[in-house]
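The values are calculated or read from the model by the stated rules, or taken from the named source; none is laboratory data. The structure displayed is predicted, hence computed values, not measured ones. Positions of Cβ are generated from backbone atoms using ideal geometry, with glycine treated the same way; all protein chains shown enter the neighbour counts. Keep in mind that these areas ignore ligands, DNA and RNA; they rest on the heavy atoms of the full protein, side chains included. Shrake-Rupley method; radii C 1.70, N 1.55, O 1.52, S 1.80 Å.
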Amino acid sequence: MPAARPHLLGLTRVELAARAVAWGFSPVHSATLWNELYLQGRRSPSEFTPHDRLPARYLDRVFAECDFDFPSIAKETHSSDGFTRKYLLGLRDAHRIETVLMRYSGRVTACVSSQVGCAMGCVFCATGQMGYTRHLTAAEIVAQALHVDAVLRATAPEAPTAAEPAHPSPHHRHERLRNVVFMGMGEPLHNYDAVMQAIDILRDPAGLALGAQKISVSTVGVVPGIRRLAAEKRPVHLAVSLHGATQEERAALVPAARKWRLDELMDACREYTATLGKRIFFEWTLIDGQNDGHAHARAVGELLKGIPAQVNLIPLNPTLGYAGEPTRPAGARAFQDVLATYGIPCTVRQRRGIDIAAGCGQLAID
Ligand code: SAH
Ligand code: SF4
């Protein structure tokens with residue numbers, strides 16, 4: 001089979017330079033091209049005009065050999081509180097994905113998708129309820145981050161509110177994307193190679209220059225992926241979606257737990273924290289009367305003993321395919337209090353963007 005045609009946004013700076021050299025051009029040109037892509041925000045071949053820094057012959061070769069386009073914006077919705085924006089993006093093959101821009105605590109975060117749909121089938125997740133269509137390419141992941149970055153650069157800072165004071169930094173006026181979480185549609189560790197290639201591109205200091213500490217990968221518990229992250233010493237944050245602290249309770253909510261059992265998952269987590277010297281964030285969707293009692297919280301505390309961990313509680317967000325109710329705030333606080341007795345830091349995720357179905361687990365392509 002012939003190799004797939006590369007997309008410019010799927011190549012690292014080193015790969016782009018290697019191509020320039022192979023085609024008989026100076027790597028100075030590819031460095032300039034990189035700058036145009038990631039710092040000047042070019043969005044199509046027609047936005048490049050040949051000039052003395054980028055010769056026409058080089059550009060002709062680049063666009064003869066590589067694709068370069070962006071997903072179309074099929075729909076844009078803003079939450080009523082103004083802190084969340086959701087973009088429905090149309091891919092070249094007409095499949096669609098969602099990307100979310102979230103603003104809180106003076107921080108802007110892009111929540112990106114890694115797949116069209118998801119194969120893992122978590123019962124309470126709108127993406128899981130859609131089933132799996134395909135992996136995203138590295139270029140399609142990078143394009144989501146670039147899209148959010150372009151929105152930020154084009155948006156004047158919003159007026160401060162009591163709930164959300166303005167960021168004091170003078171750099172706020174030239175806001176750039178700083179944080180990316182792989183918590184959109186799909187299971188990032190099921191699409192490991194493309195996700196890691198995209199992360200390498202997003203981290204490039206001559207491009208978006210995201211810090212490794214500003215990137216979080218959230219997994220349902222794909223054990224081989226967690227072991228590979230540890231072996232490759234990838235310095236990004238890891239979040240593991242737990243939801244149940246026994247094999248049976250977890251598998252009832254997360255069918256993928258039948259393949260990657262809880263004991264194997266915890267072994268992989270121990271290996272990860274020991275190898276990288278980093279804690280893991282464990283996510284727990286709080287479902288009223290299902291996994292939110294004192295006994296459940298104690299089971300989490302016991303399970304995580306000896307693992308550097310922080311727990312993020314996410315009160316269930318509504319989806320069409322699941323009837324459960326979210327735990328009320330008092331119940332979430334009680335869960336937190338139990339974990340505190342185990343010395344485990346625990347936060348409750350703020351509910352944001354629910355009115356536009358942009359909350360955790362609500363992304364689909366209605
Ligand atoms: N596939 C990855 C990342 C995407 S989901 C994963 O599962 O970790 C991001 C987070 O939202 C996960 O912790 C997931 O369990 C949680 N989630 C899914 N559906 C939800 C819902 N309806 N309400 C609250 N959280 C949900
Ligand atoms: Fe997939 Fe994550 Fe949704 Fe589970 S919660 S179905 S792994 S996107």
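A few remarks follow.
- Selection over the range 242-260 of residues that are within 16 Å of ligand 2 (Cβ to nearest atom) and open to solvent by 20 Å² or more (accessible area, probe 1.4 Å) gives a count of 6.
- The range 189-206, residues that are over 20 Å from residue 230 (Cβ atoms) and surrounded by 20 or more Cβ atoms within 10 Å (Cβ to Cβ): 201, 202
- Restricting the range 130-140 to residues that are outside any helix (DSSP H, G or I) and within 11 Å of ligand 2 (Cβ to nearest atom) leaves a set whose member that is most open to solvent (accessible area, probe 1.4 Å) is 132.
- Test: residue 71 is under 22 Å from residue 87 (Cβ atoms) and either in contact with a helix residue (DSSP H, G or I) (Cβ under 8 Å, 6 or more places away or on another chain) or open to solvent by 70 Å² or more (accessible area, probe 1.4 Å) (or both): yes
- Consider the range 210-233 and keep the residues that are part of a loop (DSSP other than H, G, I, E, B) and within 11 Å of ligand 1 (Cβ to nearest atom). The one that is surrounded by the fewest Cβ atoms within 10 Å (Cβ to Cβ) is 222.
- Selection over the range 318-347 of residues that are in contact (Cβ under 8 Å) with a residue 60 or more places away in the chain, crowded, with 18+ Cβ neighbours inside 10 Å and not small (Gly, Ala, Ser) gives a count of 2.
- Residue check, residue 283 surrounded by 18 or more Cβ atoms within 10 Å (Cβ to Cβ) and either over 25 Å from the mean Cα position of the chain (by Cα) or not in a helix (DSSP H, G or I) (or both): yes
- Any chance residue 8 is within 21 Å of the chain's Cα centre (by Cα) and either modelled with pLDDT under 95 or among the aliphatic types (A, V, I, L, M) (or both): yes
- For the range 85-129, a tally of residues being among the polar types (S, T, N, Q) and part of a strand (DSSP E or B) returns 3.
- Residue within the range 293-312 that is in contact with an Asp or Glu (Cβ under 9 Å, 6 or more places away or on another chain), within 16 Å of ligand 2 (Cβ to nearest atom), modelled with pLDDT of 95 or more and open to solvent by 10 Å² or more (accessible area, probe 1.4 Å) present: yes
- A residue that is touching a helix residue (DSSP H, G or I) at 6+ places or on another chain (Cβ under 6 Å), assigned to a strand (DSSP E or B), on the phi < 0 side of the Ramachandran plot and open to solvent by less than 20 Å² (accessible area, probe 1.4 Å) can be found somewhere in the range 50-67.
- Residue-level check: of (1) in contact with a Ser or Thr (Cβ under 7 Å, 6 or more places away or on another chain); (2) at pLDDT 95 or above, residue 25 misses just (1).
- Evaluating residue 102 against the criteria (1) under 28 Å from the mean Cα position of the chain (by Cα); (2) not assigned by TED's automatic domain parsing to the domain that holds residue 193 leaves one unmet condition, (2).
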